[in-house]
Structure formats: C-alpha cells, structure tokens
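What follows is a short report on a single structure.
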Amino acid sequence: MIALAMLWTDIRILLADTTRVWWRLLPKILTIYILGWLGFEVCLKLAVIAGDLTFWLSLVIFAIAFVSKLTALVLILRMVGNALGVRRLIPQEEYEDDDRDAGVTRLLALTLLPFLGIYTAFGMIQSASDQMIIESVFRSGGAFGDQGILGQFRLNGDNVPTSRYFLVVAIIIGTYILRRGVDLVHERTEFRPLGILVAFIEAFFVLVTITAGYDLLSKLPIWLKNRQFMVWIDDLTHGIGNVLAAIGINPEAFFSAIGTFITDQLWPVITSGLTQPIFWLAIAALVYGSSVISVAELWRRGKPLASRVRLARRALERAAHQELAQTDAGPTATGRVLAEIREAFFGDLDDKYLPTLHSLRLILRAGFAFLGAYVVVYSAQTVADTLWNWALNETIGGHQMTFWMVFLPAQDFLSSLPFEPWRLCLLAVALRRCLMIFRLRAETAGTMHPQQGAMDAARDVAAADLASRGRPVPEQVGV
C-alpha cells in the first residue's frame with residue numbers, strides 16, 4: 001500500500017505540475033517551438049532543392065535542420081527549468097560554474113550528440129529522410145535515390161563497396177579535425193558566429209558518425225550467424241524441439257509464438273514504453289549542467305568529499321586551460337602541443353559522453369516508484385498524442401499527392417503542437433522531482449550540507465592529483 005501511495009503521489013505531482021507550468025509558459029513555449037519548426041521545415045525544403053546541385057550541400061543543410069529543431073528544444077527545456085527553479089535546488093556552496101552557462105551555442109555543442117543519438121535510435125532522422133525522398137521524387141524524379149539523403153554513405157546492405165567505408169572514415173576524421181580547429185579559434189577569439197558554425201559542423205559530424213555506427217551495429221546479427229556458438233544454440237533449440245514434439249507440442253508453432261510475442265509485444269514495450277522515456281529524461285538533464293547531475297549524485301551516495309574531488313578537478317582543469325590561453329607564460333611549445341592533442345581527443349569524452357552516462361545512471365537510481373510514475377505519465381502522453389494524430393488524419397481524409405506536398409508540413413505541425421510542448425515540460429518537471437527525491441534522502445541521512453572545510457579539502461586533493469600527473473594547476477590554487 002505504501003508503494004502504491006508513493007506511485008500515485010508521483011503521478012499526481014507530475015501531471016499537476018507539468019500542466020501548470022505548461023499553461024503558464026504556453027505563449028513563450030509556442031513562440032520558440034514555432035520558430036524551431038519553421039527553421040526545420042525551411043532547411044528540409046532547401047536540402048531537397050540543394051540535392052539537385054550536390055549531395056554534400058544537401059546533407060549539410062539537412063544537419064542544420066536538426067540544429068534548428070534542437071535549439072528550440074534546448075531553449076524550452078532551459079526556460080521551463082528556470083521557471084521550476086531546477087538550479088535553485090543546488091545549495092550555493094555546492095554550485096559549480098559550468099560551460100553550459102556560456103551560451104546556447106556551447107550548450108548545443110555539448111548536447112547534440114546524445115540528442116541526435118536518440119533521434120537516430122528511435123527513427124526520427126530516418127523519418128525526415130523518408131519525407132525528403134517523397135518531396136524529391138515529386139519535384140524532380142528523386143535526386144537522392146530510394147535510400148534518401150543518407151543513402152550516399154550508408155553502410156547497411158550486403159554489398160557495400162570498400163571505398164564507401166574509406167569515404168565515411170575520411171568524412172568523420174576530417175569533420176572532427178575541422179570542428180576542433182574552429183572550436184579552438186572560437187575559444188581564443190570568443191567570436192560568437194564561430195560558435196554557431198561549430199554547432200553546424202558538430203551536427204554534420206554527429207549525424208554521419210551515428211548513422212555509420214548504427215549501420216555497423218545492424219550488421220551484428222549477420223556476423224553472429226557465422227559464429228560457432230550459434231551452432232550450439234541451434235543444437236539446443238533442436239533438442240528442446242524434440243522434447244516438445246515428444247509431449248505432443250508442435251515445436252515450430254511454439255518457437256514461432258515466442259518469436260512473435262518478443263517482436264510484436266515485448267520489444268515495443270521495452271523500447272517505446274520504457275527505454276525511450278528514460279533516455280529522454282537522462283538527456284534532458286544535460287541541459288541544466290553537470291553541476292546539477294553531480295550534486296544529485298553526491299546526495300544519492302551521501303559521500304560528499306569523494307564525489308566533490310571529481311567536481312573540483314574539472315573546475316581546476318578549466319581554470320588552468322583559461323589561464324594558459326590568456327598568458328604567454330606556460331609550458332614549452334611541445335608541452336602545449338601535447339596538451340592540445342590530449343584535449344582534442346579526450347576533451348569530448350569528459351564534456352559529452354561521460355555526463356550522458358552519469359545522467360542515465362542517476363535517473364535509473366531514483367527509485368521504482370518515481371520511474372514507474374514517470375513512465376505511466378509519459379505513456380499516457382504518447383497514447384493521447386497517437387489518438388490526436390488519428391483524429392486529425394480522419395478529419396483531413398484522403399487527398400491527392402499535390403495536396404499533401406503543400407499541406408504535409410502543416411499537418412506535421414498540427415499533429416505535434418498540443419503534446420510535444422507538454423512532453424518537454426514533463427521532462428523538466430520529472431527532473432526536478434528526481435532532484436527533490438535525492439535531496440530529501442540526503443536531508444534524512446544528514447548528508448545534505450557539506451562538512452566544514454569539505455570544499456577546500458576536495459579542491460586541494462584535486463589540485464594535488466593534477467600536479468602528480470603533470471597537468472597544469474591554476475595559480476590561485478597551487479600545490
């Protein structure tokens with residue numbers, strides 16, 4: 001009964017708070033959402049037109065379309081989070097200055113990878129590519145072919161030429177070097193348009209990398225078929241089939257029923273019903289900065305100093321990097337080159353990949369009651385959105401292709417307008433609820449407030465650790 005009461009409490013809080021903040025910020029949310037949608041649709045139209053000229057220009061514009069979409073998403077999440085006071089939950093003495101506060105372009109650069117990753121995993125990028133196929137065929141007979149805009153460098157299929165693998169690797173390496181170079185110039189000059197250019201290059205790089213990685217993973221079942229342990233599994237299946245046949249059960253019907261249940265019932269529940277909402281919440285948490293995630297982890301573990309050392313180390317590394325960029329004094333030329341190489345290859349690991357994993361781990365440890373309530377509310381929103389789309393399609397009815405070429409963007413906009421902004425508000429409300437749960441646990445355990453001198457001790461330990469590894473330490477800290 002206590003578990004059910006906690007579940008119902010979380011459901012009620014999520015529904016009420018989400019609807020309340022959605023209604024209060026609705027004009028601002030709609031303004032940002034409409035601008036993002038317009039940018040996305042205009043870029044898709046331009047990408048189709050550019051496809052008649054050159055595939056690569058079309059692909060760049062296609063990537064920029066998702067930058068427009070994600071910019072609106074990030075701005076809405078940030079605005080709703082500020083209205084809910086997500087960052088104000090962090091005590092002042094534990095607050096850490098984060099690069100995400102530097103501006104929207106920096107925030108986009110740090111969150112493009114996980115956002116485009118989830119878009120790819122759940123078919124949103126492929127859906128946009130399919131839409132471009134239809135428009136391209138209607139306009140000019142299909143500039144992209146039957147595989148869409150992504151078909152020129154896809155690695156799926158049985159007869160992928162070796163040259164395409166080299167092409168994809170060259171694109172990934174070249175784009176990565178270009179992005180790191182422009183990013184370095186942006187850090188030195190602080191010229192704002194370069195930040196926007198970095199976001200566009202990052203989107204192109206991530207789009208190509210994730211698509212190629214997804215195609216390579218899709219080849220895994222083919223590779224597994226030729227492995228010896230698959231023969232062992234076949235022998236085991238054959239043995240089970242003989243046992244079933246001996247007791248009067250049709251083995252083929254039995255295994256077919258199990259396969260149908262997994263593919264048609266169980267797998268959609270795992271992906272759409274469980275995985276998708278949890279991944280969306282974990283990625284949305286990145287918008288509010290690593291300090292929010294790290295302090296929540298600190299509350300959860302109840303080990304302030306051990307967790308703060310990592311926070312202090314990151315802060316000192318950033319401070320040392322800024323000092324080095326602002327003064328001519330510092331390591332030798334060789335040392336600076338090595339430092340830049342280290343930052344080029346491992347900077348992204350700390351800035352983008354690890355925070356995503358930390359955020360996902362944190363969300364999964366919020367408790368079954370909260371996760372159950374969140375999944376229930378998210379699923380209810382998905383069902384409502386599906387019903388709304390069905391009603392809209394029934395109202396519009398069937399029409400000729402010429403009608404849909406004109407009205408399809410508006411239909412997509414109307415289908416997502418009522419529930420997508422509400423879903424984004426739900427992500428912010430759920431994250432705040434998650435933080436409040438961890439904070440309440442810390443208050444109950446008596447680890448809410450740091451011990452006297454814990455912050456200074458963590459900073460000293462982090463500085464000593466950096467010095468022992470030959471890494472630069474800010475002058476104001478020293479060891």
> Taking neighbour counts of Cβ atoms within 10 Å as a proxy for exposure, in what order, fewest first, do Trp232, Trp37 appear?
Replying inline: Trp232, Trp37
> If you wrap a convex hull around the C-alpha atoms of region 360-422 and split its volume per residue, what is the figure in Å³?
Replying inline: 98
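All of the numbers you see were taken from the coordinates with simple rules; none came from a lab. It should be emphasised that the depicted structure is a prediction, and the values quoted were computed from it without experimental measurement. We place every Cβ from the backbone using ideal geometry, glycine too, and count neighbours over all the protein chains shown.
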